[in-house]
1. I'm trying to understand the selection: among the residues of region 114-133, which are open to solvent by 50 Å² or more (accessible area, probe 1.4 Å) and free of Cβ contacts under 8 Å to residues at least 24 places away in the same chain?
2. When you check SER100 against the structure, is it open to solvent by 60 Å² or more (accessible area, probe 1.4 Å) and closer than 14 Å to PHE57 by Cα, yes or no?
Amino acid sequence: MTRPSLLLILVPVWEWVYNDSSIRRILFISLFTMPGAILLLLIFFNIKYSLSEDRLFVKNDFSTQSIPLKDITHIAPTNSMLSAPALSLERIEIRYEGGSIVISPKDKDGFYRAIQERVPALETDGDDGLIRN
């Protein structure tokens, strides 16, 4: 999600450097692109993941997603570039009854251990992931 933010920031710079646009035009473009870039950066640099005994919480400044641990069916590494509450490209996809989410916990191994402690039915799948048996 930081890439769209970067693109929004680079639009006025591109106008200035390559199109030799006037200051008025650059300021006008910035008026529309910069707030969006700042909002995207704020949302995705304030992501927090936490576990309770029975839920995974994915929180940012504007919302909290709560996923019951008992509903998780599969956890696997992914290189998906899809928009997700994940700052890193070392992401994991969590599939659960009703959907999926891609996250990037700092300590992936610790995250896996914490999930397995709470959901013993999830076992390693041989591909650096966990699957419900």
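The values are calculated or read from the model by the stated rules, or taken from the named source; none is laboratory data. As the structure is a prediction and not an experimental result, all values here were calculated from the model. For neighbour counting, all protein chains shown are included, and Cβ atoms are generated from backbone atoms with ideal geometry for every residue, glycine included. With ligands, DNA and RNA removed, areas are computed over all heavy atoms of the protein, side chains included. Shrake-Rupley method; radii C 1.70, N 1.55, O 1.52, S 1.80 Å.
1. Within region 114-133, GLN116, GLU117, PRO120, GLU123, THR124, GLY126, ASN133 meet the criteria.
2. Details: open to solvent by 60 Å² or more (accessible area, probe 1.4 Å): yes; closer than 14 Å to PHE57 by Cα: yes.
When the stated conditions are applied, SER100 passes them.
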